[in-house]
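Here is the structure we will look at.
The values are calculated or read from the model by the stated rules, or taken from the named source; none is laboratory data. The structure presented is a predicted model; accordingly, all values stated were derived computationally and were not measured. Cβ placement follows ideal geometry from the backbone for every residue including glycine, while neighbour counts extend to all protein chains displayed. With ligands, DNA and RNA removed, areas are computed over all heavy atoms of the protein, side chains included. Shrake-Rupley method; radii C 1.70, N 1.55, O 1.52, S 1.80 Å.
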Amino acid sequence: MTGATETTLPGLATFKGLVLGLIPYALVACVAAFLIGAILWAVGAFGHNPQHSSRGKTTLIVALVAALLVGGAAYLVGWFNNVGKSVSAPAPVTQLVEPAAPFLSA
């Protein structure tokens, strides 16, 4: 039984096109979230509201990590694909095991 390859999967080209088309929108959303977090942090800091300030810092970090993941997704997928291709199962070891000799009593 053989598995499907990239060339035999129906609709793969369309799916790749959709995903690649969504990347710019995801990056714009990450920039928007980054700006909202910065504004929230500034308002919280100037208004002496530690909850808003903390929420703004968290939003900044989440937006930054999300932008890095979206931007580096193609590289990460390619790297994991290459690592997966290089991994192989060890060759099966077949050893003949002889049954233990019974103890001979004299």
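Filtered by the rule that a residue be without any contact (Cβ under 8 Å) to a residue 12 or more places away in the chain and open to solvent by less than 90 Å² (accessible area, probe 1.4 Å), the range 51-67 gives SER54, VAL65. With respect to being more than 24 Å from LEU20 (Cβ to Cβ) and outside any helix (DSSP H, G or I), HIS48 fits the description. Scanning the range 1-28 for residues that are modelled with pLDDT of 80 or more and hydroxyl-bearing (Ser, Thr, Tyr) gives THR14, TYR25.
None of VAL70, VAL83, VAL19, VAL31 is among the β-branched types (Val, Ile, Thr), touching a Cys at 6+ places or on another chain (Cβ under 9 Å) and open to solvent by less than 90 Å² (accessible area, probe 1.4 Å) except VAL70. Annotation: SER88 fulfils all but one of (1) surrounded by 10 or more Cβ atoms within 10 Å (Cβ to Cβ); (2) at pLDDT below 95; the unmet one is (1).
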